[in-house]
Amino acid sequence: GARGTTMRGGGASVVGPEVPTGAVNGSNVTFTLSETPRANSVMLFVNGAFQREGTGNDFTISGRTITLVTAPPENSNILAVFRK
């Protein structure tokens with residue numbers, strides 16, 4: 001996948017925007033980041049729409065693994081920005 005630049009500042013490195021790995025086939029809901037993000041630092045976008053993190057929202061994350069509630073449509077554009 002595409003790798004973004006790493007910006008440093010404020011004691012945390014910002015990673016992205018990067019395309020998480022995982023099949024964008026209309027049924028897959030699991031995607032993987034290149035590195036483990038800090039808690040509550042992930043900004044995830046599907047086709048430009050911001051996705052909210054947390055139980056009962058659009059996605060949850062465990063380690064480097066993002067699990068979306070709804071599978072993105074086939075050929076969707078998924079981008080993640082996060083602090084590590």
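The numbers here are math on the coordinates, done by the rules we state, and not lab data. In this text, all values refer to a predicted model and were calculated from it rather than measured experimentally.
Full extension of the chain segment joining T55 with E35 gains 5.0 nm, where the gain is 0.36 nm per residue of separation less the Cα-Cα distance. DSSP bridge analysis restricted to the chain gives an antiparallel fraction near 95%, rounded to the nearest 5. Were the residues from N77 through A12 laid out at 0.36 nm apart, the gain over their Cα-Cα distance would be 20.8 nm. Each residue of region 57-64 is assigned a 3J(HN,Hα), and the resulting list reads 9, 7, 7, 10, 9, 9, x, 9 Hz, derived from the Karplus form 6.51 cos²θ - 1.76 cosθ + 1.60 (θ = phi - 60°), x at Gly and Pro. Directionally averaged projected area (the chain, Cα convex hull): 5.0 nm².
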